[in-house]
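The values are calculated or read from the model by the stated rules, or taken from the named source; none is laboratory data. Keep in mind that what you see is a predicted model, and the values were worked out from it rather than measured. Note that each Cβ is placed from the backbone with ideal geometry, even for glycine, and that neighbours are counted across all protein chains shown. When the accessible area is computed, the model is the full protein with side chains, heavy atoms only, and any ligands, DNA or RNA have been set aside. Shrake-Rupley method; radii C 1.70, N 1.55, O 1.52, S 1.80 Å.
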Amino acid sequence: AGGGAREGAREGQKAKKRKHDISGVGSFALQSEHALDSQLFNRFMVQLLQRKKEDLYRSKGVLCFEGEGDAKYIFQGVHEQIQFEQSNTKWVEGEPRVSKVVFIGRDLDREEIEAAFRTCIVHAQTAHPH
């Protein structure tokens, strides 16, 4: 006996270290066959990270931005640490310019994130009808 207060303090510390509890963890991918607006995509990511940086474990993607010619962009992140750069490879003639992003995290609202992602898509009037 006599160690009750100390054990209680240790249990409190353990509860704070539960960041790797895997309940509620999942992943999903989003994609667009239309180019993205780079400023809108940047805002989308900033807002997502502001709201979910503790719960967004990994993010990565390949992006096609409007007005960037053949330049292909890639990003990968761990929590709010995002590396974003132009890829060494370019979009090649005939290659579908599909932007794809993947998110891995806990309790991520796919519908909310997908709706925000969709606002970044440039819908050109010259787009091919489906």
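Quick look at the numbers
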item: Exposure ranking of V25, V101, V122 by accessible area [1.4 Å probe, largest first]; result: V25, V122, V101
item: Kirkwood hydrodynamic radius over Cα pairs of the range 50-120, then Stokes diffusion coefficient at 4 °C and 1.567 mPa s, in µm²/s; result: 97
item: Label zone at E111, where the point sits 7 Å out along the Cα-to-Cβ direction: the range 21-55 residues whose backbone N lies under 20 Å; result: 24-31, 48, 52
